[in-house]
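Before any comments, here is the structure.
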Amino acid sequence: MKRKILLSNEQLELTLDRLCHQLIENHDNFKETVIIGLQPRGIYLAQRLHKKISALLKGVKIPYGELDATFYRDDFRTKGHPISPSTMNMNFIIEDKNVILVDDVLYTGRTIRAGLDALLDFGRPKKVELLVLIDRRYSRHLPIQPDYVGKRIDTIVSQNVKAEWKEADGSDAVWLIMND
């Protein structure tokens with residue numbers, strides 16, 4: 001198995017800063033906007049974005065949540081092993097709110113579809129925008145496209161993308177993993 005770096009720690013920080021400024025440009029003071037990270041690994045990206053935006057917009061309180069879409073997936077019964085749901089942290093409703101749904105890597109779109117289904121348990125949003133750190137183009141099973149992208153890459157089926165977060169993995173980086 002070979003690994004190639006897609007985003008180093010420094011490049012990741014620059015990318016996060018850019019994404020934060022794009023969100024601020026489009027959502028101004030976040031009065032009607034919430035940020036929701038998709039479990040399991042989209043939460044690290046969402047936490048970072050929330051923290052950076054909150055620091056840039058001092059005094060603005062932006063609702064933040066963590067959504068687990070495990071049991072909303074259309075393939076959760078076909079995994080061949082018992083699945084473990086992640087924690088859900090959504091202590092607000094999203095009725096008529098603008099939702100920024102955050103995930104680390106967009107591949108087939110199935111996790112995002114499940115996340116959209118899970119969101120409806122918390123109300124009907126006015127708008128949902130998708131933010132992803134990595135967009136693996138040309139791999140979709142569903143017609144889902146992100147509104148905000150850290151980096152777009154072209155991959156083949158035998159390759160994987162792994163976002164490492166210092167909170168979970170000890171360091172920040174994004175890797176392309178080539179399985180031989």
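The values are calculated or read from the model by the stated rules, or taken from the named source; none is laboratory data. All of these numbers come straight from a predicted model, not from anything done at the bench. Note that we place each Cβ from the backbone using ideal geometry, even for glycine, and neighbour counts take in every protein chain shown. Protein only, heavy atoms only, side chains kept; ligands, DNA and RNA dropped before computing areas. Shrake-Rupley method; radii C 1.70, N 1.55, O 1.52, S 1.80 Å.
If you plug the beta carbon distance of Gln159 and Asp117 into 1/(1 + (r/R0)^6) with R0 = 25 Å, you get a FRET efficiency near 0.35.
Computed about the Cα centre, the dipole magnitude for the chain is approximately 220 debye when only Lys and Arg (+1) and Asp and Glu (-1) carry charge, each at its Cβ. Give the accessible area for Phe92 in Å² (nearest 10); use a 1.4 Å probe, count only protein heavy atoms, and leave out ligands, DNA and RNA. Its accessible surface works out to 40 Å², give or take rounding.
Taken one residue at a time, the phi angles of segment 23-40 give Karplus couplings (6.51, -1.76, 1.60, θ = phi - 60°) of 5, 5, 4, 8, 10, 6, 9, 6, 4, 10, 10, 10, 10, 10, x, 8, 5, x Hz. Gly and Pro are set to x. Among the listed pairs Lys4/Lys52; Lys31/Lys151; Lys31/Lys126; Lys58/Lys127, those whose Cα-Cα separation exceeds 22 Å are Lys4/Lys52; Lys31/Lys151; Lys58/Lys127.
If you filter segment 1-60 for trypsin sites (Lys or Arg not before Pro), then keep DSSP loop positions with at most 11 other Cβ within 10 Å, what is left?
Numbers: sites: Lys2, Arg3, Lys4, Arg18, Lys31, Arg41, Arg48, Lys51, Lys52, Lys58; in loops: Lys31, Arg41, Lys58.
Listed in order of number, the matching sites are Lys31, Lys58.
Compare Trp175, Trp165 by solvent-accessible area with a 1.4 Å probe and give them largest first, with all protein chains kept in place.
On the way: Trp175 55, Trp165 0 Å².
Per-residue accessible area, sorted high to low, gives Trp175, Trp165.
Annotation: Ile5 carries an accessible surface of approximately 80 Å², with a 1.4 Å probe and no ligand, DNA or RNA atoms counted. With the simple spin-label model, which puts each label point 7 Å out from Cα in the Cβ direction, the Ser139 to Glu10 separation comes to 2.7 nm.
Of all DSSP-defined beta bridges confined to segment 1-156, some 5% are antiparallel rather than parallel. Averaged per residue, the chain has 53 square angstrom of accessible surface, using a 1.4 angstrom probe with ligands and nucleic acids left out. Over the chain, DSSP H runs of length four or greater, each weighted -39,500 (n - 2.57), average out per residue to a 222 nm ellipticity of -8500 deg cm²/dmol. Note on His27: accessible area is roughly 20 Å² with a 1.4 Å probe, heavy atoms of protein only.
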